[in-house]
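Chemist: What follows is a structure written as structure tokens; I'll ask about it next.
Only the coordinates and a few stated rules stand behind these numbers; no lab work does. Here the structure is a predicted model, which is why all the values come from computation and not from measurement. Here the Cβ positions follow ideal geometry from the backbone for every residue, glycine too, while neighbour counts run over all protein chains shown.
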Amino acid sequence: MQKYAVNLSYTINSGQVFLWEKDDLIWHGVNGFDVISVRETPFEINSLSQNKSDFFRESDDLDLILKNISNDEIVKKAVRLFPGLRLLRQDPFQCFISFIVSANSSIQNIQRILKKICKKFGTKVKFEGKEFFLFPEPKKLAHASTSELLDCGLGYRTKAVKEASTVVSEKQIDFDYLKKTNYKNTKEILLDVYGIGNKVADCIMLFSLEKLEAFPLDRWMVRILQKYYSKKLHLNGKSLTEKKYNCLHQIIVDHFGAYAGYSQQFLYKMERDLYQKKWL
DNA sequence: TACTAACCTGTACG
DNA sequence: ACGTACAGGTTAG
């Protein structure tokens, strides 16, 4: 019996993952070369590979984390409202490409593009009586032609996806190394990739590279911070420059703590729900 | 250093 | 119907 039950729809529909679907009571999702199925009650996970990737981060010490981030009153309220929300541990390459694709795009568009990429370049597999297309290997995407990528709806992101896949396939980027090294070092390496800016780098680090202090600042989070923390953060000006972003990140970690990424997820969820913005 | 226009694509709105 | 705005940003200048 879990002390904290996972709420799958909160978690899966919180902008972290894009290749999940619900079929009756079971959710299925593509995660790299794997397909994961999960049922909410009773909580049960299966996967094509049979590997335990701890996708739902059940090994995290939630008692500690939730208590820690609840030092902030606003976050505390969000945790109380959405206790089943979780951070996920994704396949790094899929996460990397997903968030490059996400830049300046809507959720639906991101989903459509990623599905097409899987269908065009990924391996078809069967799992629990259903068909899935796995996320393609870096080499496969790196060697894709421009027209094939354009067919996936990538538009001007085509160049970014191709270059990003190339640096991974040529081992200029090694996710295992990035998981081990620190936030700052990882971020510098990711920012060197064409198509990756501060926000996308933070998403990749938080969702797939074990950097729980990463705190992606998109236009929504900036608005949320302005709304609740304007005194603390003095966010003047509209654009977030590199220097401002770094400065702000330091303030955020000082305020929210080492698990700031969890705080971000809860704040985001609460605010989106409050405003009942279209979500999927 | 700080700021902004342009950017593929799809959909929602008037 | 058809133009305009906007969508979880990044880059070039």
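Chemist: Dividing the convex hull volume of the Cα atoms of chain A by its residue count, what figure in Å³ per residue is obtained?
Modeler: Cα convex hull per residue, to the nearest whole number: 130 Å³.
Chemist: Using a basic spin-label model with each label point 7 Å from the Cα along Cα→Cβ, how many nm lie between A:Val222 and A:Glu148?
Modeler: 3.7
Chemist: Report the full-extension gain for the segment A:Ser49 to A:Lys140: residue separation times 0.36 nm, less the Cα-Cα distance, to one decimal in nm.
Modeler: Gain in length upon complete extension: 30.7 nm.
Chemist: Ok, one more. Quick check on the stretch A:139-237: what are the equivalent-ellipsoid semi-axes from the Cα gyration tensor, as sqrt(5λ), descending, whole Å?
Modeler: That gives 30, 19, 9 Å for the three semi-axes.
Chemist: Which of A:Asp54, A:Asp91, A:Asp34 moves most in a GNM of chain A, Cα contacts under 10 Å?
Modeler: Residue with maximal mean-square fluctuation among A:Asp54, A:Asp91, A:Asp34: A:Asp54.
Chemist: If you count, for each residue, the other Cβ atoms within 10 Å and average over each peptide, how do A:207-219, A:37-49 line up from highest to lowest?
Modeler: A:207-219, A:37-49
Chemist: How much length, in nm to one decimal, is gained on full extension between A:Lys124 and A:Tyr4, taken as 0.36 nm per residue of separation minus their Cα-Cα distance?
Modeler: Gain in length upon complete extension: 39.7 nm.
Chemist: Another one. Using the Cα centre of chain A as origin and beta-carbon charges of +1 (Lys, Arg) and -1 (Asp, Glu), tell me which of A:His249, A:Phe43, A:Leu88 is placed farthest towards the positive end of the dipole.
Modeler: About the Cα centre, the residue reaching furthest to the positive side is A:His249.
Chemist: Evaluate the distance, in nm, between pseudo-label points positioned 7 Å from the Cα of A:Ser106 and of A:Glu188 along their respective Cα→Cβ axes.
Modeler: Rounded to a tenth, the inter-label distance reads 4.0 nm.
Chemist: What is the gain in length, in nm to one decimal, between A:Tyr156 and A:Leu64 on full extension, counting 0.36 nm per residue of separation less the C-alpha to C-alpha distance?
Modeler: 28.8 nm
Chemist: What percent does the relative contact order of chain A come to when contacts are Cα pairs within less than 8 Å and at least six residues apart?
Modeler: Computed value for chain A: 21 percent relative contact order.
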